[in-house]
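The values are calculated or read from the model by the stated rules, or taken from the named source; none is laboratory data. Keep in mind that this is a model prediction, so the values were computed, not measured. Positions of Cβ are backbone-derived with ideal geometry, glycine not excepted, and every protein chain shown enters the neighbour counts. For the accessible areas, the whole protein counts, side chains as well, though only heavy atoms, and no ligand, DNA or RNA atoms are used. Shrake-Rupley method; radii C 1.70, N 1.55, O 1.52, S 1.80 Å.
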Amino acid sequence: IHSAVSLDNFENNIRMFYALENLASYANKIIIIGSGAEYISSRYKPLMKESYFPIEPVFPKDIYSLSKYTISKLNTLSKAKNIYNLRVFGIYGPYEDFKRRLISNNIVRHINNLPLTYNRNVAFDYLYINDFLSSIESFLELDKPLFNTYNLCIGKGYKFQEIMNTLADVVGVDHSK
C-alpha cells in the first residue's frame, strides 16, 4: 500500500510510482492511494465516475495535483495490471495533520481561542479514517478487482461552510462567514 507523496517534489512522486511499477511482478496487488486532485479542480464535476479523465491537456496549479494526475495517467498506461489506484477525496479522523486539514485545524483553532476559518467554500466527499481502513481491508481481500481505479468515497460532498456550521454548533461558538 503506497500512500507517500511529496507536496513539493514532482520528480520524487513519479520516481516512487516507477519504483512500484518495477516491483509489480513480485507482488500480488499494489495499492496506491490516489486523490480527487487527479480530476484537476478546474474540471471538477460533482460525483464524477472513475472513468472520467480529461483527454485534452491539463495544467494543474500545484505539484500535488500534477503528481496525482500524472501517476493516475501513468497507471492507466502501465503494463503492470496489478497496480490499483484508490482515489480518496477527503479523510478525517484522529492523527490527521491539523496544520493542513480543515476539521482538525479548526478544532485546534477553537481550543486555542482562535476563530474558525476556511479559504474557499468547496465541497469534499469526506470519509472517516476507520471507514477508509475497512475499505482497504475489503479491497485487499478481493481476488481480482474488475478495474484498476476506484473512487473511494461515500457519494456525498459536504461544503466547507456546512462543515464549519456543524463544528460551530458542536463547540458552541457563533460562526458566520
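Might you check whether a residue that is touching a residue at least 40 places away in the same chain (Cβ under 8 Å) and crowded, with 19+ Cβ neighbours inside 10 Å occurs anywhere in segment 55-63?
no
Given the condition under 22 Å from ASN151 (Cβ atoms), touching a strand residue (DSSP E or B) at 6+ places or on another chain (Cβ under 7 Å) and open to solvent by 40 Å² or more (accessible area, probe 1.4 Å), answer yes or no: does some residue in segment 39-48 qualify?
no
Where residues in segment 142-177 are of a type in the set (Gly, Ala, Ser) and open to solvent by 50 Å² or more (accessible area, probe 1.4 Å), which of them is nearest to TYR39 (Cα to Cα)?
Among them, the one singled out is SER176.
What tally of residues in segment 127-141 results from selecting those that are open to solvent by less than 70 Å² (accessible area, probe 1.4 Å) and in contact (Cβ under 8 Å) with a residue 60 or more places away in the chain?
Count: 2.
Could you grab the pairs with beta carbons closer than 8 Å, sequence gap of 6+ or different chains, first residue in segment 64-80 and under 13 Å from ASN13 (Cα atoms), second one aliphatic (A, V, I, L, M) and assigned to a helix (DSSP H, G or I)?
TYR64/ALA37; SER65/ALA37; SER67/ILE14; LYS68/ALA37; TYR69/ALA37; THR70/ILE14; ILE71/ILE14; LEU74/ILE14
Is it the case that segment 114-126 has a residue that's out of contact with any Lys or Arg (no Cβ under 9 Å at 6 or more places or on another chain), open to solvent by less than 70 Å² (accessible area, probe 1.4 Å), over 26 Å from ARG15 (Cα atoms) and among the small types (Gly, Ala, Ser)?
no
Taking only pairs six or more apart or across chains, which ones have beta-carbon atoms under 8 Å, a first residue in segment 95-122 that is of a type in the set (A, V, I, L, M, F, W, C), and a second residue that is part of a loop (DSSP other than H, G, I, E, B) and open to solvent by less than 50 Å² (accessible area, probe 1.4 Å)?
Pairs that qualify, where the first residue is of a type in the set (A, V, I, L, M, F, W, C) and the partner is part of a loop (DSSP other than H, G, I, E, B) and open to solvent by less than 50 Å² (accessible area, probe 1.4 Å), are LEU102/TYR118; ILE103/GLU96; LEU116/HIS175.
In segment 17-53, which residue that is under 19 Å from ILE154 (Cα atoms) and of a type in the set (Lys, Arg) is modelled with the lowest pLDDT?
That would be LYS45.
Mind checking which residues of segment 10-30 are of a type in the set (S, T, N, Q) and open to solvent by 50 Å² or more (accessible area, probe 1.4 Å)?
Answer for segment 10-30, where residues must be of a type in the set (S, T, N, Q) and open to solvent by 50 Å² or more (accessible area, probe 1.4 Å): ASN12, ASN22, SER25, ASN28.
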